[in-house]
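Accompanying notes for the structure given below.
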Amino acid sequence: MNENEIDITKELAKLIEARDAFMAYIDANVPKDSKGIAFDFSNHPTLDAKAVYEHFYKLDYQARKIRGFVIRNFEVKA
């Protein structure tokens, strides 16, 4: 593996981990609707903006890293 390659399986696992952490944060801080399926934002819960950003940044970073790999290795036009 050269310096421009990444272990895609490892990076996808990190992406899934970041998504799971983000969803766990939302689950813990935003109530569900009466059916228990969708998040109920009607009461405008206050979320810690810094915590939301930290979760988003990790998720976004992994997505961008994988995107670059896909573009380079599969000749996808960005």
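Bridging of K58 to lysines at a Cα separation below 17 Å is possible for K10, K14, K50, once same-chain residues fewer than 8 apart are set aside. Taking amide H as placed 1.01 Å from N in the peptide plane, D40 has its amide H under 5 Å from the amide H of K32, D33, each at least 5 places away in sequence or on another chain. How far, in degrees from 0 to 90, does helix 8-29 lean away from the longest principal axis of the Cα atoms of the chain, to the nearest 10? Around 10 degrees separate the two axes. Relative to the longest principal axis of the C-alpha atoms of the chain, give the angle of the C-alpha long axis of helix 49-74, reported between 0 and 90° and rounded to the nearest 10°. The answer is roughly 30 degrees.
Look at (1) 65; (2) 52; (3) 72: the one that is percent of Cα pairs over 15 Å apart derived from this structure is (1). Charge tally around D20: other residues with Cβ under 13 Å, Lys/Arg +1 each, Asp/Glu -1 each, net +1.
Please give me, ordered by residue number, the GluC sites (Glu not before Pro) of the chain that lie in loop per DSSP and have at most 15 other Cβ atoms within 10 Å. Taking the chain and a limit of 15 other Cβ atoms within 10 Å, the loop GluC sites (Glu not before Pro) found are E3, E5, E75. Over the chain, dividing the summed -39,500 (n - 2.57) contributions of all DSSP H runs of at least 4 residues by the number of residues returns a 222 nm mean residue ellipticity of -21500 deg cm²/dmol.
Given Cβ point charges of +1 (Lys, Arg) and -1 (Asp, Glu) and nothing else, what value in debye, to the nearest 20, does the dipole of the chain about its Cα centre take?
Details: 12 positive and 13 negative charges, 38 e Å.
It comes to approximately 180 debye.
GNM on the chain, alpha-carbon springs under 10 angstrom: the most fluctuating residue among A21, A49, A63 is A49. Applying both filters, DSSP loop and at most 11 other Cβ atoms within 10 Å, to the trypsin sites (Lys or Arg not before Pro) of the stretch 33-78 gives K35, K77. Using C-alpha pairs below 8 Å separated by at least 6 residues, the relative contact order for the chain is 38 percent. Between the residues A18, V76, I66, the greatest Cα displacement towards the positive end of the dipole of the chain, with unit charges on the Cβ of Lys, Arg, Asp and Glu, is found for V76.
Since every read-out is calculated from the coordinates, none of them should be taken as a lab result. The structure presented is a predicted model; accordingly, all values stated were derived computationally and were not measured. Methodologically, a virtual Cβ is constructed for each residue, glycine included, from the backbone with ideal geometry; neighbour enumeration extends over all protein chains shown.
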